1. Can you name the condition, by its number, that Glu67 falls short on among (1) in a helix (DSSP H, G or I); (2) surrounded by 10 or more Cβ atoms within 10 Å (Cβ to Cβ); (3) not basic (Lys, Arg)?
2. Can we say Glu38 is at negative phi, surrounded by 11 or more Cβ atoms within 10 Å (Cβ to Cβ) and of a type in the set (D, E, K, R)?
Amino acid sequence: MSAFTESIVEDAALAWFKALGYAVLHGPAIAAGEPGPERSDPNYRDVVLERRLRQTLERLNPNLPAEALEDAFRKLTRADAPSLLERNRAVHRMLARLSQL
């Protein structure tokens, strides 16, 4: 029996995103110190690519004022739960509420 490894799951997720039309880039190409950096931490600890998140929030919500977009960014990026599981659940609840609007 073969086990799922992180790389198998990551490759599958990247293939799905690419099929949906997302740009898929190799991590070192956007690393700190490269010509087109999107990460600020040279040790790859950035969980969120902040510029991309801000651009996406603006694209998905073109009529929201800047203050509302900034509030959404803060809510998505602050760690306000003691564990990763609880944080994921909180973000899921936010997204589920949005889908009901």
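Laboratory data are not the source of any read-out in this text; all were calculated from the coordinates shown. Here the structure is a predicted model, which is why all the values come from computation and not from measurement. Positions of Cβ are generated from backbone atoms using ideal geometry, with glycine treated the same way; all protein chains shown enter the neighbour counts.
1. For Glu67, the exception is condition (2).
2. On the way: at negative phi: yes; surrounded by 11 or more Cβ atoms within 10 Å (Cβ to Cβ): yes; of a type in the set (D, E, K, R): yes.
So Glu38 fits the description; yes.
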